[in-house]
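A short worksheet on the structure shown next.
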Amino acid sequence: MPEQDVQPRPAAIPEPVGPASTSTAVAPESLPALGRNAPLVPVDSAASRALAGVIAILTFVAALCAGAAELVAASSAEWRSSVAREATIQVRPNPQRDVERDVTEAAGVARGTAGIADVRVLSKAESERLLEPWLGAGPNLADLPVPRLIVLKLDKRAAPDFVMLRVSLADRVPGAMLDDHGVWLSRLSVMANTLVGVGVGLMLLVLLATALAVTFATRGAMAGNQEAVEVLHFVGADDDFIAHEFGRHFFRLGLKGSLLGGGAALVLIAAFGVASASWRTSPASDEIQALFGAFEIGWRGYALAIVIALLVASTAGIVSRSTVRRFLSRNT
């Protein structure tokens with residue numbers, strides 16, 4: 001009987017067990033080679049660098065807005081504290097009355113009121129000088145009925161009774177009017193709260209833009225690494241493992257970009273702080289100092305920038321992980 005060549009039969013590829021049993025079968029010769037320490041998502045790629053740049057720009061804008069909001073909030077707190085410690089009595093000149101006597105009478109009423117620590121009567125020249133920012137130094141105000149001002153320093157321990165003070169002034173000095181600066185305090189509060197709200201809104205928009213950018217980047221990475229994902233399914237990896245790998249990659253990418261953008265924003269704010277020292281020697285230094293202070297955001301501003309960077313990075317990781325899970329659930 002002639003000898004026959006017997007070819008050995010190839011060993012059968014075992015079917016994957018567990019979560020990978022629902023995956024599509026992949027031929028061994030088509031499996032891509034994965035190194036032991038090779039990342040699932042390429043780290044140094046053009047798409048990764050572009051996404052890190054976008055996250056850095058968004059974090060830079062958010063940190064600047066947060067720093068500006070903190071600066072406005074601190075300046076507003078100073079303004080409100082300064083305004084709340086003072087009140088003003090205006091004595092309008094009356095042709096039928098002696099204005100100097102009315103000023104003296106109003107000052108006496110204020111000194112006898114509990115809760116007022118100090119009373120300072122401004123002279124006529126000082127009252128006229130307060131109008132120079134609006135009228136200039138040229139007009140002669142001698143013949144104009146410029147109101148006389150009395151500045152009241154309030155006691156921090158006990159607030160005065162402004163209602164009784166108004167009644168006493170109306171009885172004894174008909175031309176006197178008390179201003180407790182409540183309108184200014186209300187306007188300052190509204191302005192500060194509005195600007196802080198705008199800063200918070202911009203930060204939320206930055207987080208939303210980051211989430212959208214990471215979502216599209218994750219979908220692109222899933223499409224470009226579909227064969228590698230199939231390999232992981234073939235060897236028994238579940239969806240949670242794959243989603244965790246993608247989430248960790250985009251968290252690191254987001255942290256890199258957010259720290260870069262947040263650091264650049266803090267450097268710019270610090271540079272403004274250094275530049276503000278030179279503004280103090282300029283003619284407009286008083287106005288700039290009154291509006292913006294010394295451009296110092298304090299430790300709260302720096303801590304807020306760090307928190308924003310961590311929020312952006314966490315948003316990138318969480319959104320990437322949820323995107324991968326939705327993608328895998330629709331394709332299994």
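Okay, here's what the table says:
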{"quantity": "The stretch 216-229 - phi-based ³J(HN,Hα) in whole Hz, Karplus 6.51/-1.76/1.60, Gly and Pro as x", "calculated": "5, 5, 5, 4, x, 5, 5, 5, x, 10, 5, 5, 5, 5"}
{"quantity": "Length gained when the stretch D240-Q96 is fully extended (0.36 nm per residue, less Cα-Cα span)", "calculated": "42.9 nm"}
{"quantity": "Nearby lysines by direct alpha-carbon distance to K124 (threshold 28 angstrom, same-chain neighbours under 8 apart not counted)", "calculated": "K153"}
{"quantity": "From phi via Karplus (6.51, -1.76, 1.60), per-residue ³J(HN,Hα) for the stretch 233-238 in Hz, x at Gly/Pro", "calculated": "5, 5, 8, x, 6, 9"}
{"quantity": "Linear extension gain, I318 paired with K124, 0.36 nm per residue minus alpha-carbon span", "calculated": "63.1 nm"}
{"quantity": "Nearest-0.05 FRET efficiency for L212 and R187, computed from C-beta distance (R0 30 Å)", "calculated": "0.20"}
{"quantity": "Positive-pole candidate from A158, S168, P145, dipole of the stretch 93-174, charges at beta carbon", "calculated": "A158"}
{"quantity": "Cβ-derived FRET efficiency at R0 41 Å, L205 paired with L131, nearest 0.05", "calculated": "0.40"}
{"quantity": "Burial ordering of I318, I242, I55, fewest other beta-carbon atoms within 10 Å first", "calculated": "I318, I242, I55"}
{"quantity": "Diffusion coefficient, µm² s⁻¹, Stokes-Einstein with Kirkwood Rh over alpha-carbon pairs of the stretch 93-174 at 20 °C and 1.002 mPa s", "calculated": "151"}
{"quantity": "Inter-part distance where the stretch 56-130 and the stretch 160-206 are each reduced to a Cα centre, Å", "calculated": "11"}
{"quantity": "Separation of the A50 and L144 label points, Cα + 7 Å toward Cβ, nm", "calculated": "6.3"}
{"quantity": "Gained length - R157 relative to V307, 0.36 nm times residue gap less alpha-carbon distance", "calculated": "50.3 nm"}
{"quantity": "3J(HN,Hα) from dihedral phi, the stretch 298-311, Karplus parametrisation 6.51/-1.76/1.60, rounded to Hz, x for glycine, proline", "calculated": "x, 5, 5, x, 5, 5, 5, 5, 5, 4, 5, 4, 5, 5"}
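No lab work stands behind these numbers, since they all come straight from the coordinates. A quick note: this is a predicted structure, and the numbers were derived from the prediction, not measured. Virtual Cβ from ideal backbone geometry, glycine too; neighbours counted across all protein chains shown.
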